[in-house]
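First the structure, in the form of structure tokens, and then the observations on it.
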Amino acid sequence: MTGNADGLQTLEKYSRIPVSSIRYVADADADIVRSIHDGVLFLVAFWSGPSLGAFSKLTKAMHDMGLRDLELVVVDVDGSPGVYQLPEIKELFGGVVNAPPGWGEAAFCRDGQIVAAAVVGRGFDSNEYYFISRKLLSSFDGE
């Protein structure tokens, strides 16, 4: 399966930061993490309301916290199934991921390594998504 080639247009509708500051990758593999110096890897499922809601709240938290230097790399889960095989992502789901859950998973990356991960869109309301996002983003110190 391939990712959504027009995904950036959809993300623009939900983003609270300029879409020009988002690196969107429709088809990625686990090596995408190595390309992130200081930033967030967000796994978006365009077919999932919680995933899109989580993306919106993540970008709102980035805006509210003034994290303009933080890189945001968004990959489409449908074109990037290998990303779910990263140990830090698998750990979020008890070590087994047979299919993309589509809850808006995010990982904070530093120097090509995942240092923290969270399921942003798992919860009962979008306020919870926002607080999960802020907690994850607090890892960034701007250095």
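What follows is calculated from the coordinates using simple rules that are stated; it is not laboratory data. Being a predicted model, the structure only gives us computed values, none of them experimental. All Cβ positions, glycine included, derive from the backbone under ideal geometry; neighbour counts span all protein chains shown.
Listed values, structure above:
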| item | result |
| --- | --- |
| Selection status of LYS90, within 20 Å of ALA118 (Cβ to Cβ) and more than 13 Å from the chain's Cα centre (by Cα) | yes |
| Condition met for TYR24 (buried (at least 19 other Cβ atoms within 10 Å of the Cβ) and assigned to a helix (DSSP H, G or I)) | no |
| Among the residues listed as LEU58, LEU67, LEU41, the single one being at negative phi, crowded, with 23+ Cβ neighbours inside 10 Å, touching a helix residue (DSSP H, G or I) at 6+ places or on another chain (Cβ under 8 Å) and not in a helix (DSSP H, G or I) | LEU41 |
